[in-house]
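Encoded as structure tokens, the structure appears first; notes follow it.
The values are calculated or read from the model by the stated rules, or taken from the named source; none is laboratory data. All figures in this text were calculated on a predicted structure; none of them were measured in a lab. Glycine also receives a Cβ, built like all others from the backbone with ideal geometry; neighbour counts cover every protein chain displayed.
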Amino acid sequence: MQFGSVMERFRLRVLFVAAWGLCSAFTFSAQAASATSPEADSSACPVLLQKTFNRLQDDAPQNLCQYSGKVILVVNTASYCGFTSQYEGLEKLYSTYGSKGLVVLGFPTNDFGQQEPGKGKEIADFCFNTFGVKFPMFEKSTVIGKSANPLFTDLTKASGTPPRWNFYKYLIGRDGKVIDSYTSFTTPENGKLVTELKKALAQR
């Protein structure tokens, strides 16, 4: 009887140790998964930027979270518009302030006046060869109405205004929030735009 009691206590201890080990392993795995999961990583990225678009020239997927912490100027563009020459000013902004934390993001669209009929590679070649565009450009998409791409849907909600024409602009701060929107007539050299851009860049 005494021998049986000893064996029973030994069996219970083995079961306890095994259970404790399984519990510890589960906790460690859960913590590791939490630390490395995409959901955890995305928590540092503003909701506005938690989107992926294909790059214009080669359709490579690009997550906008890579621009988290930067000041962003989003522009819907077109190749055959009276405002198309603004590409030059946008590229100058990008080259001047890029090292300070600015990125310009271009989204070609055929929504206004059918002024962007081309396909990705054709548009990319035109932008680079004509205006030396090096800032990031993304695949052609819709930017207004129910079919608008997710970024412009959110920009419209946040600013209270959808794009009215080609080369409409949205300025986003380092915190991922919309600072202001600007009509097509607001050139990249516009004093108000440049002042607000510099002010946003000064924020840390």
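Answer yes if at least one residue in region 50-62 is in contact with a Ser or Thr (Cβ under 8 Å, 6 or more places away or on another chain), loosely packed, with under 15 Cβ neighbours inside 10 Å and either outside any loop (DSSP other than H, G, I, E, B) or not assigned by TED's automatic domain parsing to the domain that holds V194 (or both), and no otherwise. The answer is yes; a qualifying residue exists.
When the residues of region 157-189 are filtered to those that are among the basic types (K, R) and touching a residue at least 40 places away in the same chain (Cβ under 8 Å), the one that is surrounded by the most Cβ atoms within 10 Å (Cβ to Cβ) is K169. State all residues of region 126-149 that are touching a residue at least 12 places away in the same chain (Cβ under 8 Å) and either over 22 Å from the mean Cα position of the chain (by Cα) or in a strand (DSSP E or B) (or both); if no residue qualifies, say none. Answer for region 126-149, where residues must be touching a residue at least 12 places away in the same chain (Cβ under 8 Å) and either over 22 Å from the mean Cα position of the chain (by Cα) or in a strand (DSSP E or B) (or both): F126, T130, F131, G132, M137, F138.
For the structure I just gave you, tell me whether T153 is over 21 Å from the mean Cα position of the chain (by Cα), closer than 23 Å to S68 by Cα, without any contact (Cβ under 8 Å) to a residue 12 or more places away in the chain and part of a helix (DSSP H, G or I). Answer is no for this residue. Restricted to region 88-97, and to residues there that are out of contact with any strand residue (DSSP E or B) (no Cβ under 7 Å at 6 or more places or on another chain) and under 16 Å from F131 (Cβ atoms), the residue that is surrounded by the fewest Cβ atoms within 10 Å (Cβ to Cβ) is T96. Can you say whether L56 is under 30 Å from T195 (Cβ atoms), among the hydrophobic types (A, V, I, L, M, F, W, C), touching a helix residue (DSSP H, G or I) at 6+ places or on another chain (Cβ under 7 Å) and at pLDDT 95 or above, as far as the supplied structure shows? Yes, satisfied.
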